[in-house]
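**Student:** Let me begin by handing over the structure; questions about it come next.
The values are calculated or read from the model by the stated rules, or taken from the named source; none is laboratory data. Predicted, not measured: the structure shown is a model, and the values here were computed from it. Just so you know, the surface numbers come from the protein's heavy atoms only, side chains and all, with ligands and any DNA or RNA stripped out. Shrake-Rupley method; radii C 1.70, N 1.55, O 1.52, S 1.80 Å.
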Amino acid sequence: MCTNDPGSFACACDPGFSGDGFVCEDVDECDIGSDDCASDATCTNTPGSYTCACNPGFSGDGETCDDINECAAQTDNCSDDATCTNTPGGFSCACNDGYDGNGVNCTDVDECQEDVDNCSVHAVCTNTDGSFTCECNDGYDGDGVTCADVDECAEASDDCDTNAQCTN
């Protein structure tokens, strides 16, 4: 920038440049921190100025950036058998109970085979998708976790002959 003075002139560098007016160098606003980019944005120096762009996982004009909730927007890549948790600028996936994996790929855990069920020793464990069920064996009654011996003799539900003695 040149300013005419009576019998002389003066030079000054344009905004975004520094120097004596005869030699001007670009000011890196990003490097010296004089930019007004959001903390979740990237500053890029340009000749005499700078630009701001929101980082991945954020949206806005670069001066203001808001977190994108990938879970709510359903833009995550979590398995259907996992829970998505939003994080600043991203998300994480964790397999639900009854499943193993990294959250993106989840496989059903066979609780019966891995002996992590809580079925009674007098019950049958049946693996289900993401869980298991317990059912008492014949001759036992209960919820599968607790099974009590049924006294068929006392209940008269035995098949013994009327001339035979029933023993439980």
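**Student:** For the chain, what is one quarter of the convex hull surface built on the Cα atoms, given in nm²? Provide the component values of the computation, followed by the final result.
**Tutor:** On the way: hull surface 65.7 nm².
So the Cα hull casts an average projection of 16.4 nm².
**Student:** Between the alpha-carbon centers of region 77-151 and region 11-41, tell me the distance in whole angstrom.
**Tutor:** 61 Å
**Student:** Once the whole set of protein chains is in place, how much accessible area is left on C84, using a 1.4 Å probe, in Å² to the nearest 10?
**Tutor:** Accessible surface of C84 is approximately 40 Å².
**Student:** Kindly report, to the nearest 10 Å², the accessible surface of V145 as traced by a 1.4 Å probe over protein heavy atoms only.
**Tutor:** 60 Å²
**Student:** Then there's this: With a ≥ b ≥ c taken as the square roots of the eigenvalues of the C-alpha gyration tensor of region 73-149, please select rounded if a/c is under 1.5 and otherwise prolate if a/b is larger than b/c or oblate if it is not?
**Tutor:** Details: a/c = 4.34, a/b = 3.65, b/c = 1.19.
Here region 73-149 falls in the prolate category.
**Student:** Also, quick follow-up: Using θ = phi - 60° and the Karplus form 6.51 cos²θ - 1.76 cosθ + 1.60, what ³J(HN,Hα) does each residue of region 140-146 get, whole Hz, x for Gly and Pro?
**Tutor:** Coupling constants for region 140-146: 10, 10, x, 8, x, 8, 10 Hz.
**Student:** On to the next question. Roughly to the nearest percent, how much of the accessible area of the chain is carbon and sulfur, given a 1.4 Å probe? Write down the numbers at each step before the final one.
**Tutor:** Working: 5040 of 11070 Å².
C and S atoms contribute 46 percent here.
**Student:** Next question, about the same structure. At 1.4 Å probe size, what's the solvent-accessible area of F58? Round to the nearest 10 Å².
**Tutor:** Accessible area, nearest 10 Å²: 30 Å².
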